[in-house]
1. I'd like the per residue volume of the convex hull spanned by the Cα atoms of the chain, given in cubic angstrom.
2. Quick one: compute the contact order of the chain, relative version, from alpha carbon pairs under 8 angstrom and 6+ residues apart, as a percent.
3. Provide V11, V49 ordered by accessible surface of protein heavy atoms (probe 1.4 Å), highest first.
4. Going by the alpha-carbon gyration tensor, a ≥ b ≥ c the square roots of its eigenvalues, is segment 75-120 rounded (a/c under 1.5) or, if a/c is not under 1.5, prolate (a/b greater than b/c) versus oblate?
5. Over the heavy atoms of T18, what accessible area does a 1.4 Å probe trace out, to the nearest 10 Å²?
Amino acid sequence: MRVLIIEDSAVLGRLIETCFRDLGSEFESQRLPHSPQRLGGFKEADLVVIGMYQPFTIGLGIVERLLARSNRPAIVAITTDTREKSIQTIEEAGVDAVVKMPFRPDDLRRAAESALAKRT
């Protein structure tokens with residue numbers, strides 16, 4: 001499985017990798033770009049884990065670009081903003097799952113499994 005991690009925190013990025021390492025995953029990480037047009041990473045990622053922070057503008061733009069890919073990846077958003085309206089905004093953008101921080105590794109794995117199941 002190819003996992004693209006879009007997250008500014010190197011520590012959180014390593015935690016995300018640890019959650020999936022025993023699945024034989026291949027990882028690529030990038031910081032949250034200043035513009036959604038600068039989205040790099042795997043062109044054919046199976047799963048994208050993206051940190052969504054206020055303001056959501058850049059994160060929502062990235063989700064839009066990911067959804068437009070011909071081989072659309074499963075998308076899991078992680079966020080510290082647990083307000084119902086914020087979660088709703090993220091879900092309406094088209095992500096497959098939202099994980100609220102702080103989270104346990106099992107929470108992220110379950111969300112990823114659910115997101116990947118929606119894509120098959």
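The values are calculated or read from the model by the stated rules, or taken from the named source; none is laboratory data. It should be emphasised that the depicted structure is a prediction, and the values quoted were computed from it without experimental measurement. Only protein heavy atoms, including side chains, enter the accessible area calculation; ligands, DNA and RNA are left aside. Shrake-Rupley method; radii C 1.70, N 1.55, O 1.52, S 1.80 Å.
1. Roughly 93 Å³ of hull volume per residue.
2. 24 percent
3. Solvent-accessible surface, decreasing: V11, V49.
4. oblate
5. Spelled out: T18, probe radius 1.4 Å, area about 80 Å².
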